[in-house]
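What follows is a short report on a single structure.
The values are calculated or read from the model by the stated rules, or taken from the named source; none is laboratory data. Keep in mind that what you see is a predicted model, and the values were worked out from it rather than measured. When we count neighbours, we look across all protein chains shown, and the Cβ atoms used for this are built from the backbone with ideal geometry, even at glycine.
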Amino acid sequence: MSKTLVMEGVSKTFATGTVALTGVELVVASGDFVSVVGPSGCGKSTLLRLAAGLERATDGRIEVEAESTSYVFQEPTLLEWRSALSNVELVGELRGLPKAERRQRAREAFDLVGLTGFEKQFPRQLSGGMRMRVSIARSLVAEPQLALFDEPFGALDEITRLRMQTELQRLFQLKSFAGLFITHSIPEAVYLSNRVLVMSGRPGRIVADFNVPWAYPRSPELRYEPEFTALTGAVSAALEGDHP
Ligand SMILES: Nc1ncnc2c1ncn2[C@@H]1O[C@H](COP(=O)(O)OP(=O)(O)OP(=O)(O)O)[C@@H](O)[C@H]1O
């Protein structure tokens, strides 16, 4: 299977002297959906920003083999003065696609995330979950081979969050992008991913790598199965084991 992202011995020290990451080894293959969990401040966002090229590593090698990459932030980061559909269309606009083509692509992505009928609404008229759907639609328009997610569901209420998880793994299956997903929620990581990586406290490095065996699509009820709970327990123990 081809790789979309490789990190070898990656370290990051900020100008302030903060050592955020040290010796990070990571491979995301195509077909992988990899989640990263770790204590607050361990360097998860830094890891993602390095993968996106938004920061430079101090040491080590980062190879992005994916031809296209998308980034979903914790906040939906929508333009308030543009309608929901026109926010999604922005990507095509920036790439200089002809109007008809960018509108069609935006509409497809928009429909895919279940927003049909809300094209003309402005971001402030949408719920938190819907705003995040717009943000995800905007990332899918680029047809990414590698999709980076920085805790996109962290600010949502629990019910919306569970729904968005089910939606995202449906999209992952449908669009077959590789995913690197940061989260604080162990059940969310296990439910979405085929691999869950556990990071140590700062300076962050990867201390455990769990395979998640269930095929996609996964039913929401999977979360209540004893095998699921056993796996979330094992991830939790690895996380706590590193932080007595
Ligand atoms: N631009 C920066 N300059 C200096 N220090 C930074 C910078 N960005 C992050 N840091 C520091 O690096 C460490 C890792 O930050 P990062 O945001 O990657 O952690 P995180 O695991 O994503 O945290 P959280 O789970 O709380 O979101 C923190 O101590 C943070 O203060």
- Out of Arg138, Arg133, which single residue is crowded, with 17+ Cβ neighbours inside 10 Å, closer than 21 Å to Glu80 by Cα and free of Cβ contacts under 8 Å to residues at least 40 places away in the same chain? Arg133
- Note on the structure: Subset of region 110-137, residues aliphatic (A, V, I, L, M) and in a helix (DSSP H, G or I), comes to Leu112, Met130, Met132, Val134, Ile136, Ala137
- Criterion violated by Glu225 - all others in (1) under 30 Å from Lys175 (Cα atoms); (2) not assigned by TED's automatic domain parsing to the domain that holds Gln173 satisfied: (2)
- Query: If you go through region 56-83, how many residues are of a type in the set (Asp, Glu) and farther than 22 Å from Ser11 by Cα?
  - Reply: 3
- Just for region 139-190: of the residues that are in a loop (DSSP other than H, G, I, E, B), within 13 Å of the ligand (Cβ to nearest atom) and not hydrophobic (A, V, I, L, M, F, W, C), which one is nearest to Tyr224 (Cα to Cα)? Ser185
- Which residue, of Gly23, Gly41, is in a loop (DSSP other than H, G, I, E, B) and either on the phi > 0 side of the Ramachandran plot or touching a helix residue (DSSP H, G or I) at 6+ places or on another chain (Cβ under 8 Å) (or both)? Gly41
- For region 14-60, what are the residues that are within 9 Å of the ligand (Cβ to nearest atom), over 21 Å from the mean Cα position of the chain (by Cα) and hydroxyl-bearing (Ser, Thr, Tyr)? Thr16, Thr18
- Which members of region 73-94 meet the condition of being within 21 Å of Ala147 (Cβ to Cβ), modelled with pLDDT of 90 or more and in a helix (DSSP H, G or I)? Ala84, Leu85, Asn87, Val88, Glu89, Leu90
- Task: Go through region 1-13 residue by residue and tally those that are more than 13 Å from the ligand (Cβ to nearest atom), surrounded by 19 or more Cβ atoms within 10 Å (Cβ to Cβ) and not hydrophobic (A, V, I, L, M, F, W, C).
- Result: 1
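Let's see how each residue does on (1) of a type outside the set (Ser, Thr, Tyr); (2) in contact with a strand residue (DSSP E or B) (Cβ under 7 Å, 6 or more places away or on another chain):
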residue: Ala178; (1), (2): yes, yes
residue: Thr183; (1), (2): no, yes
residue: Asn194; (1), (2): yes, yes
residue: Asn211; (1), (2): yes, yes
residue: Trp214; (1), (2): yes, no
- Message: Exactly one of these conditions fails for Ala66: (1) surrounded by 18 or more Cβ atoms within 10 Å (Cβ to Cβ); (2) touching a Gly at 6+ places or on another chain (Cβ under 7 Å); (3) assigned to a loop (DSSP other than H, G, I, E, B). Give me its number.
- Response: (2)
